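For reference, the structure is listed below as structure tokens.
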Amino acid sequence: MAQRGVIVITGASSGIGEACAQRLGALGFDVFAAVRSDSAFERVGAAGGGVRPLKLDITDAESIAAAASEVSAAGDGRLAGLVNNAGIAVSAPLEFIPIEELRHQLEVNVVGQVAVTQAMLGMLRTARGRVVNVSSIGGIVAAPMLGAYAASKFALEGISDALRRELRPWGIGVSVVEPGAISTPIWDKGAAVADGLLERAPAATTELYGPVIETMRAGAEQAARDGLPPSAVADVVAHALTSSRPRTRYLVGREAKSRAAMSRLLPDRVFDALIARALRWR
Ligand SMILES: NC(=O)c1ccc[n+]([C@@H]2O[C@H](COP(=O)([O-])OP(=O)(O)OC[C@H]3O[C@@H](n4cnc5c(N)ncnc54)[C@H](OP(=O)(O)O)[C@@H]3O)[C@@H](O)[C@H]2O)c1
């Protein structure tokens, strides 16, 4: 076991999770990078750098139990940190989103995070470890077409607050990380899911929401291209896990900070009008 202890990061096959795994491995932690596919497992295994792969699908109870026992065996029942990062983004108007897609969004981004946390909490308590939940600016400001994603991240914000207050007696810290646009594969994956949903959707979806869907698509392409690098999030995750005074919330990036400030300061209807104007949406 590395001196700084064992860390588990979910959704570490790409993007933010992968960057966090590399950063924390370089800081001397013994990092379990949790992935789903065989190819990602092999890639992480071959990379080294204090990072080892762990098979974990956060929607599968058996997979979670197996991962937890592997981590416990490696860390002597102690876990210094859990980074709940795995996530997906489902984009569709709430009027037409298939209910099973809404459920899936919440299953991955909310229920899965709690299930993994439950499985690891005994080890976190023994080590007085910390939890870092990767939320989003979407957990503070709900964008149109991203209602399902916003629901999942608003829920994760509430769960993080409750968890932090519940775990206070044991000194287990809980921090939430709220990035704005980060350049990762989530944007392309989200666009592919949105395209698939649109193909199956009733014609009224495009008739009613076509223009705003197009504007959001262009915004997603721009975010994938011009977003901050995932290392910007890895910086704050490292702070949350190593600082003697970790913050409860970390907004990442200028865009996230200014949107959060606007939502705090502006009356709802003024903010609604600004969002509508930015999206050229009536
Ligand atoms: N990129 C942004 O602009 C941004 C902004 C704010 C917040 N975030 C949040 O940051 C987190 C990481 O996203 P990212 O941008 O780095 O996207 P990403 O590169 O697509 O990474 C998402 C990760 O989650 C994993 N995952 C998805 N479903 C899973 C499941 N059922 N079980 C286990 N792992 C699962 C994916 O694994 P597979 O490779 O197997 O699919 C992948 O490793 C997410 O929670 C996202 O909401 C991202």
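The values are calculated or read from the model by the stated rules, or taken from the named source; none is laboratory data. All values derive from a computational prediction rather than experimental measurement. Quick reminder, even Gly has a Cβ in these numbers, built from the backbone with ideal geometry, and neighbours come from all protein chains shown. The area values use the complete protein model at the heavy-atom level, side chains included, leaving out ligands, DNA and RNA. Shrake-Rupley method; radii C 1.70, N 1.55, O 1.52, S 1.80 Å.
Residue pairs whose Cβ atoms lie under 9 Å apart, separated by 6 or more positions or on different chains, with the first residue in the range 257-282 and free of Cβ contacts under 8 Å to residues at least 60 places away in the same chain and the second of a type in the set (Lys, Arg), are Ala276/Arg282.
Are any residues in the range 85-103 within 18 Å of the chain's Cα centre (by Cα) and in contact (Cβ under 8 Å) with a residue 24 or more places away in the chain, and if so, which ones?
Applying the first criterion (within 18 Å of the chain's Cα centre (by Cα)) to the range 85-103 yields 85-91, 101-103.
Once the filter is applied, which keeps residues that are within 18 Å of the chain's Cα centre (by Cα) and in contact (Cβ under 8 Å) with a residue 24 or more places away in the chain, the range 85-103 yields Asn85, Ala86, Gly87, Ile88, Ala89, Val90, Ser91, Glu101, Leu102.
Within the range 47-70, restricting attention to residues that are among the acidic types (Asp, Glu) and within 18 Å of the chain's Cα centre (by Cα), which residue is surrounded by the most Cβ atoms within 10 Å (Cβ to Cβ)? Looking at residues that are among the acidic types (Asp, Glu) and within 18 Å of the chain's Cα centre (by Cα), I get Asp57. Taking first residues from the range 55-84 that are closer than 22 Å to Ser175 by Cβ and in contact (Cβ under 8 Å) with a residue 24 or more places away in the chain and partners that are surrounded by 15 or more Cβ atoms within 10 Å (Cβ to Cβ) and among the aromatic types (Phe, Trp, Tyr), the Cβ contacts under 6 Å between residues at least 6 apart in sequence or on separate chains come to Val71/Phe32.
Rundown of residues vs (1) under 11 Å from Val83 (Cβ atoms); (2) within 16 Å of the ligand (Cβ to nearest atom); (3) open to solvent by 10 Å² or more (accessible area, probe 1.4 Å); (4) within 21 Å of the chain's Cα centre (by Cα), yes/no style:
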position: Gln3; (1), (2), (3), (4): no, no, yes, no
position: Glu18; (1), (2), (3), (4): no, yes, yes, yes
position: Ala26; (1), (2), (3), (4): no, no, yes, no
position: Asp38; (1), (2), (3), (4): no, yes, yes, no
position: Val44; (1), (2), (3), (4): no, yes, yes, yes
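Evaluation of Ala115 against the conditions (1) touching a His at 6+ places or on another chain (Cβ under 9 Å); (2) assigned to a helix (DSSP H, G or I); (3) of a type outside the set (D, E, K, R) shows that the sole unmet condition is (1).
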